[in-house]
1. Would you point out which residue out of Ala77, Ala82 is at pLDDT 65 or above, small (Gly, Ala, Ser), on the phi < 0 side of the Ramachandran plot and open to solvent by 30 Å² or more (accessible area, probe 1.4 Å)?
2. Quick check on Leu194: is it modelled with pLDDT under 65, under 14 Å from the mean Cα position of the chain (by Cα) and open to solvent by 20 Å² or more (accessible area, probe 1.4 Å)?
3. Regarding Ala161, is this residue under 19 Å from Ser61 (Cβ atoms), open to solvent by less than 10 Å² (accessible area, probe 1.4 Å) and in a helix (DSSP H, G or I)?
Amino acid sequence: MKILILVTVALAIPIIPFAIWGQSLEQAARTWEQTQSNPQVMAIVLFGMLSLDVFLPVPSSLVNTLAGAKLGVFAGATVCFAGLTVGAAIGFGLAKLAGPPLQRRWLADRDAQSLKKFAETWGVVTLVLTRALPILAEAAVVLLGVQGLSWRKFWPPVLLANAGIALAYSVFGSMAAQQEWLVIALAISAGLPLLLTFLVRRWLQMTDKKKIA
């Protein structure tokens, strides 16, 4: 039960703000995108949004696509990569600081060791598989930070995955802007990752039910 509470809290950190303010923030981002013309200001704002992704309901896929459309492939990918990386590092670092007190308060020694073993064994795979998925990406960073995954194992998968995600979305956004279907591209980039997250969560729930049965 205590492990379940810990996982639930990690998921709630990105889910609750997204549920409350996600739609409003997404609409505000689209309105701002239509009126903003200064690329330097846009780069700073987009970087800041991605850096605070673990705390705010930021649709990172939409932001990445917008960066590619407005800043170009190279500049957009650079801003996105930097923002995603800083955001992941902030969430992971704070979780690592909070991890020991939480584990001492909520978990028995045997449970804490089991979680740490999971983090060391599957942490890299978990980070790679969830990086492109909203909510799950932030939750994985927080949960693995609490479990005590080392920085040495954290950086390689996060850097590689962020580079691939930033480049892919920037290319997608740049192509959409050139073909004048940016609105459609933004809708796809905002909706598709959420759909994938929903499908992954359903699959995990079905897997757990089969194991229990």
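The values are calculated or read from the model by the stated rules, or taken from the named source; none is laboratory data. This one's a predicted model, so the numbers in the text were calculated from it and none came from an experiment. A quick note on method: Cβ atoms are made from the backbone with ideal geometry, for glycine too, and the neighbour counts reach across all protein chains shown. Only protein heavy atoms, including side chains, enter the accessible area calculation; ligands, DNA and RNA are left aside. Shrake-Rupley method; radii C 1.70, N 1.55, O 1.52, S 1.80 Å.
1. Every option except Ala82 fails the conditions.
2. yes
3. When the stated conditions are applied, Ala161 does not pass them.
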